[in-house]
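Taking it in order: structure first as structure tokens, then the write-up.
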């Protein structure tokens, strides 16, 4: 009997639903912070953009936007510990000031300077707190459809306030999210239906919801984060930004935002002396609904006339 040939290939295993990240974000790296590991993706060259997502999403929210900006910028997308992340951070302070300190420590450890901090949804709230408290490494701030001083946190539309109420106890927090096991719930107004105008790719959605459904440690992090939010943190940050930030601020706002009303953004931009530019045809997740327009608005404000199509 002659030598055996190579074994036939086995079945192709699908990527882990909770840990899959879009390859367009660039390679995944792990940074050790004082409170534990945090994962991020780093791609492109040029001035540094650090991207801050909101609650119960992860870096996949930026998967369409990053390739459009990476020709002229170094795009760093971080998986912040907000319920859809990979590595638990049980020793971290996940209150809003605590998350802001994680942002500052991340910039310190990588020695990032002259950073443009971009925050979407509650990531914009954390970005405001970080910019007000630690402006030394931040050159510009982009608030992309997020909390303003007039907004509640969690925001009122869609019943998102229930998220904080349920977070008081582990059992109620866990029970609240069980409905997300069914894709039929993903477009409801009190889940993601008011945040994204169009259905989000199912693989991406599974990366958002599987961690909170299947991993107790990740669910614990998310519960601590959402249970600690309050509008008082954004109001205090707004005062700090007005008083001493003194650097360019852009409010890049969804033209059809049902969660963070445009008129509040208009008043906030006026109070900060900031630029306001709208992104037509999008809800809160503008990088999901209208990535090309989001990239164009940001790139023009950055002073870069073109983005890659």
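The values are calculated or read from the model by the stated rules, or taken from the named source; none is laboratory data. Bear in mind that the values here come from a model prediction, so they are computed numbers and not experimental data. In this analysis, Cβ positions are derived from the backbone assuming ideal geometry, glycine residues included, and neighbour counts consider all displayed protein chains.
Observations on the structure shown:
- Taken together, the residues in region 277-304 that are assigned to a loop (DSSP other than H, G, I, E, B), buried (at least 24 other Cβ atoms within 10 Å of the Cβ) and touching a helix residue (DSSP H, G or I) at 6+ places or on another chain (Cβ under 8 Å) amount to 3.
- Selected residue (criterion: farthest from residue 284 (Cα to Cα)) from residues of region 163-188 that are in contact (Cβ under 8 Å) with a residue 40 or more places away in the chain and part of a loop (DSSP other than H, G, I, E, B): 168
- Filter result for residue 97 (surrounded by fewer than 24 Cβ atoms within 10 Å (Cβ to Cβ), touching a helix residue (DSSP H, G or I) at 6+ places or on another chain (Cβ under 6 Å) and modelled with pLDDT of 95 or more): no
- Within region 255-271, the only residue that satisfies the criterion of being crowded, with 20+ Cβ neighbours inside 10 Å, part of a helix (DSSP H, G or I) and in contact with a strand residue (DSSP E or B) (Cβ under 6 Å, 6 or more places away or on another chain) is 265.
- Whichever residue in region 71-80 is in contact with a strand residue (DSSP E or B) (Cβ under 7 Å, 6 or more places away or on another chain) and either assigned to a loop (DSSP other than H, G, I, E, B) or free of Cβ contacts under 8 Å to residues at least 12 places away in the same chain (or both) and, among such residues, is farthest from residue 191 (Cα to Cα): 73
- Sole residue being under 16 Å from the mean Cα position of the chain (by Cα) and surrounded by fewer than 21 Cβ atoms within 10 Å (Cβ to Cβ), chosen from 79, 42, 136, 91: 42
- Of all positions in region 4-21, none carries a residue that is at pLDDT 95 or above, farther than 24 Å from residue 223 by Cα, surrounded by fewer than 23 Cβ atoms within 10 Å (Cβ to Cβ) and within 17 Å of the chain's Cα centre (by Cα).
Table: residues versus (1) under 17 Å from residue 47 (Cα atoms); (2) outside any helix (DSSP H, G or I).
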position: 100; (1), (2): no, no
position: 104; (1), (2): no, no
position: 107; (1), (2): yes, no
position: 117; (1), (2): yes, yes
position: 128; (1), (2): no, no
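- A count restricted to region 228-254 and to residues that are within 19 Å of the chain's Cα centre (by Cα) and either part of a loop (DSSP other than H, G, I, E, B) or without any contact (Cβ under 8 Å) to a residue 40 or more places away in the chain (or both) stands at 3.
- Considering the conditions (1) crowded, with 23+ Cβ neighbours inside 10 Å; (2) within 30 Å of residue 270 (Cβ to Cβ); (3) touching a residue at least 60 places away in the same chain (Cβ under 8 Å), residue 103 is excluded by exactly one of them, (3).
- Among the residues of region 150-162, those identified as farther than 13 Å from residue 225 by Cβ and not in a helix (DSSP H, G or I) are 150, 151, 152, 155, 156, 160.
- Complete set of residues in region 82-111 that are more than 24 Å from residue 153 (Cβ to Cβ) and out of contact with any strand residue (DSSP E or B) (no Cβ under 9 Å at 6 or more places or on another chain): 108, 111
- Among the candidates 57, 50, the residue that is at pLDDT 95 or above, out of contact with any helix residue (DSSP H, G or I) (no Cβ under 6 Å at 6 or more places or on another chain) and surrounded by 21 or more Cβ atoms within 10 Å (Cβ to Cβ) is uniquely 50.
- If you go through region 206-232 and keep only what is buried (at least 21 other Cβ atoms within 10 Å of the Cβ) and in contact with a helix residue (DSSP H, G or I) (Cβ under 8 Å, 6 or more places away or on another chain), you end up with 207, 208, 209, 211, 212, 218, 222, 223, 225, 226, 229.
- Some residue of region 129-140 being in contact with a helix residue (DSSP H, G or I) (Cβ under 7 Å, 6 or more places away or on another chain), modelled with pLDDT under 95 and within 29 Å of residue 290 (Cβ to Cβ): no
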